[in-house]
Amino acid sequence: MLGRISYGRFQHDEIACSHAVAAIRYRNKHREDYCSAYYSNKNFQDIYAISIEPLPCKSTWNIPSHILEEELLPPITRKQPGRPPSNDHKKGFNERKIQEE
């Protein structure tokens, strides 16, 4: 039942929503029992137990030539349907006054 009132977040992230947490507290239960073990303190500590080394200086990186030669282009986008947004909110207060006069 708790997963049904969470607007889908529980099914995706296995985190109880605020309504479910309130119900769990009302019933004097532990909310940790209703979340994924992924979010437990032990799992968090295990993940960060291994130190993460910083990257060396960019000038010392060994990048293969086929990667350096590859050209990265932005994704192809298409115009969204519907009326375009108004740009009035981008103008300052004084600019709007001048145009209205």
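The values are calculated or read from the model by the stated rules, or taken from the named source; none is laboratory data. All values derive from a computational prediction rather than experimental measurement. Ideal geometry is used to build each Cβ from the backbone, glycine not excepted, and the neighbour counts take in all protein chains shown.
Within region 26-42, residues that are among the basic types (Lys, Arg) and surrounded by 10 or more Cβ atoms within 10 Å (Cβ to Cβ) have Cβ atoms under 7 Å from residues that are assigned to a helix (DSSP H, G or I) and at pLDDT 85 or above in these pairs: 31/24, counting only partners at least 6 apart in sequence or on another chain. Residues in region 31-50 that are touching a helix residue (DSSP H, G or I) at 6+ places or on another chain (Cβ under 7 Å) and assigned to a helix (DSSP H, G or I): 4 in all.
Consider region 61-94 and keep the residues that are among the charged types (D, E, K, R) and part of a loop (DSSP other than H, G, I, E, B). The one that is modelled with the lowest pLDDT is 91. Is it true that residue 7 is exposed (fewer than 12 other Cβ atoms within 10 Å of the Cβ), modelled with pLDDT under 90, among the hydroxyl-bearing types (Ser, Thr, Tyr) and on the phi > 0 side of the Ramachandran plot? Yes, satisfied.
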